[in-house]
Amino acid sequence: MEWTTLSNSEIIFEIGKRIKEYRIKKRFTQQELADRAGVSLFTIAQIEKGKSISLTTLVAVLRVLRLLENFEMLLPEIEGSPIEIMKLQGKIPKRIRRKK
């Protein structure tokens, strides 16, 4: 799927659709998933309809579905020295900036 071509709403809808597919694959009812994630049945239904939810709720649901390891692909750690990271943030200390 080419995620960059989708609108935010389309991405949220696709995430909800995939969560539903994983829920069914794991043979959970919506109520079972809700209970295990500590959210309401309404919240699970909203997710599966592609409605916006909080990150806290998303993490709880993904944890129950055993999908948290996928965050590493979504947001891999940036490897590099502290100086390189500071350069990316635009926070280069003056003593380092003067050295050229």
Assigned charges on the beta-carbon of Lys, Arg, Asp, Glu; the chain dipole about Cα centre (debye): 700
Filtered pair list for the stretch 3-97 (Lys only, Cα < 18 Å, 8 or more apart or interchain) has a length of 7
Using 10 Å bins from zero, what percent of all Cα-Cα pairs in the chain falls into each bin? 14, 35, 20, 15, 12, 4, 0
Label residue 55 and residue 13 with points 7 Å out from Cα along Cα→Cβ: what is the distance between them in nm? 2.5
Here the net charge surrounding residue 32, from other residues whose Cβ is less than 10 Å away from its Cβ (Lys, Arg +1; Asp, Glu -1), is +3
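We did not get these values from a lab; they are worked out from the coordinates using the rules stated. Quick caveat: nothing in here was measured; it's all calculated off a predicted structure. When we count neighbours, we look across all protein chains shown, and the Cβ atoms used for this are built from the backbone with ideal geometry, even at glycine.
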